[in-house]
Amino acid sequence: MQATDFLVEALKTEGITHLFAVPGGLLDPFLPTLSSTSGVTPIVAAHEGGATYMADGYARASGRFGASFVIGGPGISNTVTAAAAARTDGSPIAIFSGQVPTDWEGRGGFQDSSPAALDDVALLRPLTVSSLEVENVHLFNHHLRSSLTRMLAGEQAPVHLSIPLDIQREEVHASWEALDRSLYSPGFIDPGALKRVWKILLPDEEKRPIHILALVGAGVEKANATETLVAFAERYEIPVATTLRAKGVFPEDHRLSLGVFGYAGHRHAIETILSEEMEVLLVLGSGLSQRDTLYWDRKMLPSHALVHADINPEVPGRTWHTEAPVIGDCGRFLDALLKANPTQSSGLEATCKQRSAWLKKIRSSGPRHYDLASTESDAVPLHPARAITELRKVMPRDAVLLVDSGAHRAFCGHYWEAYGPRSYISATNLGPMGWAIPAAVGAKAARPEPPLAVVTGDGCMLMHGMEIQTAARYGIAVIFVVLNNSALGNVWLRAHQLGPGPAALTEIPTHDWAGFARSLGLQAATVETPDQLTPAFRAALEAEAPYLLDIRCDRSFATPVSPFDEAKKEWVDDD
Ligand SMILES: Cc1ncc(C[n+]2csc(CCOP(=O)(O)OP(=O)(O)O)c2C)c(N)n1
Ligand SMILES: [Mg+2]
């Protein structure tokens with residue numbers, strides 16, 4: 001089988017339904033393969049960054065992995081930020097690039113970016129867990145297998161394979177054996193750690209801890225462990241908060257949900273985790289980043305013990321010492337706690353009543369949202385909190401939301417309510433502007449059933465807004481919601497305090513994004529007043545087609561991140 005067919009057939013065997021590409025001379029042998037392999041749809045993007053962001057969105061929405069095809073040289077350099085976003089959020093994507101024939105390497109050939117010239121392989125090395133060239137067709141099967149295995153293993157990450165033109169045209173004599181499903185969900189935990197955790201939850205002599213809370217990160221989403229998490233929380237009456245990245249992995253309207261902790265987080269989660277009452281904090285699959293800890297606020301540290309579970313052995317103990325590091329799969333850990341022996345489970349159940357009373361007290365401390373009044377604001381231009389609240393009411397329960405970078409990220413994190421895993425998708429650790437626009441196209445390709453919207457900004461549109469064209473071209477029904485505030489809003493909020501000069505640097509002319517969308521084949525509308533919001537969202541939902549809404553917002557409303565801002569002011573490096 002020709003190498004190009006071998007690769008695409010292997011990806012198909014692994015469950016890939018869509019590939020995201022930008023063609024070019026260095027990929028020409030792939031064109032017949034991509035256009036003729038049944039069951040795999042090639043999506044041609046406007047930009048390689050867009051194609052790789054689409055692969056990222058596809059991976060996050062599907063729970064499988066995503067793949068993009070780009071040329072070496074400018075195609076690979078255009079994909080650098082996309083690889084970085086996937087690397088920093090642990091998203092599994094495979095980037096395949098074409099390269100000049102091996103006998104041209106380092107001899108001044110057009111677009112030579114082989115290891116003897118610009119060196120694509122080196123360019124992507126720090127952004128991937130494996131960046132390799134297929135130097136010889138006999139290595140094709142082996143390099144592909146080791147790349148995909150490394151991509152899926154542990155905390156997951158992008159990989160890159162560079163394939164010279166001559167090798168693309170050669171025959172591969174191996175046959176592809178499907179990867180073992182256990183790679184996707186490894187299902188191991190350290191049994192010794194479990195014993196330690198039970199000693200913390202049920203100490204022999206001391207008083208048994210009552211105030212136990214779970215802070216859940218993306219590791220639980222990757223372990224596909226929502227059901228186990230819900231069963232665990234319900235059985236032992238344990239309140240659950242999530243990081244922004246894992247929003248939705250525990251239904252936010254569940255009676256045990258405290259919402260999001262950290263950036264754009266909610267009152268119940270923030271006040272409880274920072275309170276002196278906390279005895280045991282169970283951190284499940286979170287890297288405890290700056291944003292997820294409100295600047296590593298030591299008030300998070302509980303009085304009795306911090307239990308920290310993660311598939312990556314480097315993570316527990318990285319931010320703070322943990323009394324019980326649990327290395328392994330978060331789903332298996334929760335399952336083991338659920339299936340404890342009767343003495344253990346009844347011991348923990350014995351304190352359920354006290355936790356119920358605690359939960360009641362938490363809820364009576366005030367509304368979950370810090371600024372509830374804004375959700376009903378009649379302001380014109382619109383208040384983003386009102387726009388997101390109305391969008392949530394129109395979109396069905398199983399809707400998927402992708403969120404971009406800017407002030408709109410904080411409004412979505414705070415005011416959107418998410419009810420399921422992989423239903424709130426955002427590049428949280430790198431935050432590259434424009435990511436969500438193509439990522440939404442990839443996510444919708446992966447999961448065509450639930451309605452899907454993306455909330456982005458006018459600044460983000462300037463970076464990757466062209467990919468709405470890709471959605472229109474392939475009839476991919478994404479609802480693009482542009483919160484158009486004529487500014488790089490997040491930056492403007494700081495800049496305008498420094499005077500008109502700095503503010504002007506962050507202002508954007510008021511563009512007609514609906515007109516732009518129509519010119520590219522989408523349906524579109526402009527929304528200027530609160531009463532137009534619901535009908536516009538309904539029309540977009542009912543269209544079941546690529547649709548853009550240009551929502552005219554006021555840039556001057558503060559983002560709902562006051563605890564984060566306070567933490568920023570107070571931050572001292574106390575380590
Ligand atoms: C690639 C990239 N460049 C710059 C930034 C810094 N940055 C973060 S948010 C932002 C403004 C985003 O503007 P817009 O998309 O209009 O969203 P808004 O803040 O107005 O909601 C900027 C410049 C970034 N995150 N990513
Ligand atoms: Mg803006």
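In table form, for the structure just shown:
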quantity: Within segment 274-319, tally of residues that are in a loop (DSSP other than H, G, I, E, B) and over 24 Å from the mean Cα position of the chain (by Cα); calculated: 10
quantity: Every residue from segment 449-461 that is in a strand (DSSP E or B) and within 16 Å of ligand 2 (Cβ to nearest atom); calculated: Val454, Val455, Thr456, Gly457
quantity: Helices (runs of 4 or more DSSP H) fully within segment 462-575 counting 2 or more residues that are within 22 Å of Arg386 (Cβ to Cβ) and touching a Gly at 6+ places or on another chain (Cβ under 7 Å); calculated: 489-495
quantity: Options Pro381, Pro313; residue that is over 22 Å from Val260 (Cβ atoms) and either of a type in the set (Lys, Arg) or modelled with pLDDT of 95 or more (or both); calculated: Pro381
quantity: Residue in segment 367-384 that is surrounded by 21 or more Cβ atoms within 10 Å (Cβ to Cβ) and within 24 Å of the chain's Cα centre (by Cα) present; calculated: yes
quantity: Some residue of segment 258-278 being among the hydroxyl-bearing types (Ser, Thr, Tyr), surrounded by 22 or more Cβ atoms within 10 Å (Cβ to Cβ) and free of Cβ contacts under 8 Å to residues at least 40 places away in the same chain; calculated: no
quantity: Hits in segment 481-494 - residues which are in contact (Cβ under 8 Å) with a residue 40 or more places away in the chain and either touching a Phe, Trp or Tyr at 6+ places or on another chain (Cβ under 7 Å) or near ligand 1 (Cβ under 9 Å from one of its atoms) (or both); calculated: Val482, Leu483, Asn484, Asn485, Ser486, Ala487, Leu488, Gly489, Asn490, Trp492, Leu493
quantity: Residue match in segment 434-453 (condition: away from ligand 1 (no atom under 14 Å from the Cβ) and of a type in the set (Phe, Trp, Tyr)); calculated: no
quantity: Breaking point among (1) more than 16 Å from ligand 2 (Cβ to nearest atom); (2) buried (at least 22 other Cβ atoms within 10 Å of the Cβ), for Val482; calculated: (1)
quantity: The listed residue being surrounded by 17 or more Cβ atoms within 10 Å (Cβ to Cβ) and in a strand (DSSP E or B), out of Leu401, Leu334; calculated: Leu401
quantity: Ser113 in contact (Cβ under 8 Å) with a residue 24 or more places away in the chain and farther than 26 Å from Ile16 by Cα; calculated: yes
quantity: Only one of Ala436, Ala387, Ala418, Ala446 that is within 16 Å of ligand 2 (Cβ to nearest atom), over 13 Å from the mean Cα position of the chain (by Cα) and among the aliphatic types (A, V, I, L, M); calculated: Ala387
quantity: Residues located in segment 92-133, provided they are part of a helix (DSSP H, G or I), β-branched (Val, Ile, Thr) and out of contact with any Leu (no Cβ under 7 Å at 6 or more places or on another chain); calculated: Thr102
quantity: Extreme residue, surrounded by the fewest Cβ atoms within 10 Å (Cβ to Cβ), among residues of segment 37-52 that are under 11 Å from Val441 (Cβ atoms) and of a type in the set (Gly, Ala, Ser); calculated: Ala46
quantity: Residue match in segment 367-387 (condition: free of Cβ contacts under 8 Å to residues at least 40 places away in the same chain, away from ligand 1 (no atom under 16 Å from the Cβ), assigned to a loop (DSSP other than H, G, I, E, B) and out of contact with any strand residue (DSSP E or B) (no Cβ under 9 Å at 6 or more places or on another chain)); calculated: yes
quantity: Elements of type helices (runs of 4 or more DSSP H) in segment 176-253, at least 2 residues being on the phi < 0 side of the Ramachandran plot, out of contact with any strand residue (DSSP E or B) (no Cβ under 8 Å at 6 or more places or on another chain) and surrounded by fewer than 21 Cβ atoms within 10 Å (Cβ to Cβ); calculated: 191-201, 226-236
quantity: Out of Ser68, Ser62, sole residue that is at pLDDT 95 or above, under 23 Å from Leu452 (Cβ atoms) and crowded, with 20+ Cβ neighbours inside 10 Å; calculated: Ser68
quantity: Per-region count, segment 312-331, residues of a type in the set (A, V, I, L, M) and crowded, with 24+ Cβ neighbours inside 10 Å; calculated: 1
quantity: Flag for Ala443 being of a type in the set (A, V, I, L, M), touching a Gly at 6+ places or on another chain (Cβ under 7 Å), buried (at least 24 other Cβ atoms within 10 Å of the Cβ) and assigned to a helix (DSSP H, G or I); calculated: yes
quantity: Cβ pairs under 6 Å, 6+ apart, first in segment 443-467 and free of Cβ contacts under 8 Å to residues at least 40 places away in the same chain, second within 16 Å of ligand 2 (Cβ to nearest atom); calculated: Met463/Met433; Met463/Gly434
quantity: Counted residues, segment 97-138 - those being out of contact with any helix residue (DSSP H, G or I) (no Cβ under 7 Å at 6 or more places or on another chain), closer than 26 Å to Trp435 by Cα and buried (at least 18 other Cβ atoms within 10 Å of the Cβ); calculated: 2
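Residue-wise test of (1) surrounded by 24 or more Cβ atoms within 10 Å (Cβ to Cβ); (2) in contact with a Leu (Cβ under 8 Å, 6 or more places away or on another chain); (3) at pLDDT 95 or above.
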{"site": "Leu7", "(1), (2), (3)": "yes, yes, yes"}
{"site": "Ser35", "(1), (2), (3)": "no, no, yes"}
{"site": "Met54", "(1), (2), (3)": "yes, no, yes"}
{"site": "Ser77", "(1), (2), (3)": "no, yes, yes"}
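The values are calculated or read from the model by the stated rules, or taken from the named source; none is laboratory data. Computed from a prediction, not measured in an experiment: that's the story for all the values here. As a convention, Cβ positions derive from the backbone with ideal geometry for all residues, glycine included, and neighbour counts pool all protein chains shown.
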